[in-house]
1. Dipole magnitude of segment 13-124 about its Cα centre, charges +1 at Lys/Arg Cβ and -1 at Asp/Glu Cβ only, in debye to the nearest 20?
2. Taking a cut-off of 20 Å between Cα atoms, list the lysines near LYS137, but don't count ones fewer than 8 places away on the same chain.
3. Could you give the dipole magnitude of segment 76-230 about its Cα centre, charging the beta-carbon of Lys and Arg +1 and that of Asp and Glu -1, in debye to the nearest 20?
4. Are there trypsin sites (Lys or Arg not before Pro) in segment 90-199 that DSSP marks as loop and that have at most 12 other Cβ atoms within 10 Å, and which are they?
5. Could you tell me the distance between the Cα centroids of segment 42-60 and segment 134-209, to the nearest Å?
Amino acid sequence: MADSEIIMRKNSQGLWTAVDEYFGGLLAPSDEHLDAALKANREAGLPAIDVSPLQGKFLQVLMRMTRAKRVLEIGLLGGYSTIWMARALPRGGRIVSLEFSPKHADVARANLKRAGLLRRVDVRVGAALESLPVLAKEGGKFDLIFIDADKGNNPRYLEWALKLSRRGSVIVVDNVARHGKVIDAKSAESDITGTRRCLEMMAANPRLSAFAMQTVGAKGLDGFALAVVR
Ligand code: SAH
Ligand code: DHB
Ligand code: MG
């Protein structure tokens, strides 16, 4: 690419997508099971709001950095992020994934089965706020918790994540930048108010050491927050 073209495409979606594709092609290449999952999601009419390949790889790297063996995902959709994470589980490891929609859960189970990973994933269908107390009763803490469902409930999901954590547990909150709308303190959208409240709680809780990063990529301006329980 000529310098002039780089300058022309600077800050443009086209350039972000091209760089995402370059990094992703090298570090998070697709394969038949990931492709099949995205195809099945499309055919079933699921929204294309899965993590990107590189974000999936990021979750894998995080799992390996923290030797995560018990993982909680809030928001399964078609299980694309779950496939990435399940592949990084050590022997005997397990992911519990919460999903409100029975249809999404069915598509996800088929995707996970095709990828040979269904035995490692415990899908719980229902509102996450109803499944979380059940998990707390069952006992056992999670090493990594990925919050990626209805953003308006993020403050509550963060509270549950803390209850289900031990020292060293890692909490990831997806989609905190919302195309930049997160800076609108006057927003009445539940996604924005929920995200902002969740970030404030992360900042204020002495049990958490937290940071957030904005990202650009194929899906525009986004970001995630990452915290470790002290
Ligand atoms: N983690 C997935 C994307 C999840 S999209 C991936 O990256 O592949 C968000 C999912 O959360 C949707 O499937 C939606 O149905 C689900 N969801 C929304 N509200 C929910 C709730 N209250 N409880 C559980 N799941 C919910
Ligand atoms: C949305 C939700 C997500 O989890 C995501 O990764 C991207 C977008 C959404 O609701 O728009
Ligand atoms: Mg998300």
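1. For segment 13-124, the charge dipole is close to 720 debye.
2. LYS69, LYS163
3. That gives segment 76-230 a dipole magnitude of about 560 debye.
4. Working: sites: ARG91, ARG94, LYS103, ARG109, LYS113, ARG114, ARG119, ARG120, ARG124, LYS137, LYS141, LYS151, ARG156, LYS163, ARG166, ARG167, ARG178, LYS181, LYS186, ARG196, ARG197; in loops: ARG91, LYS141, LYS186.
Hits after loop and neighbour filter: ARG91, LYS186.
5. After rounding, the separation between the Cα centres reads 20 Å.
Throughout, read-outs are computed from the coordinates displayed, never taken from laboratory work. Quick caveat: nothing in here was measured; it's all calculated off a predicted structure. Here the Cβ is made from the backbone with ideal geometry for all residues, glycine too, and neighbour counts use every protein chain on show.
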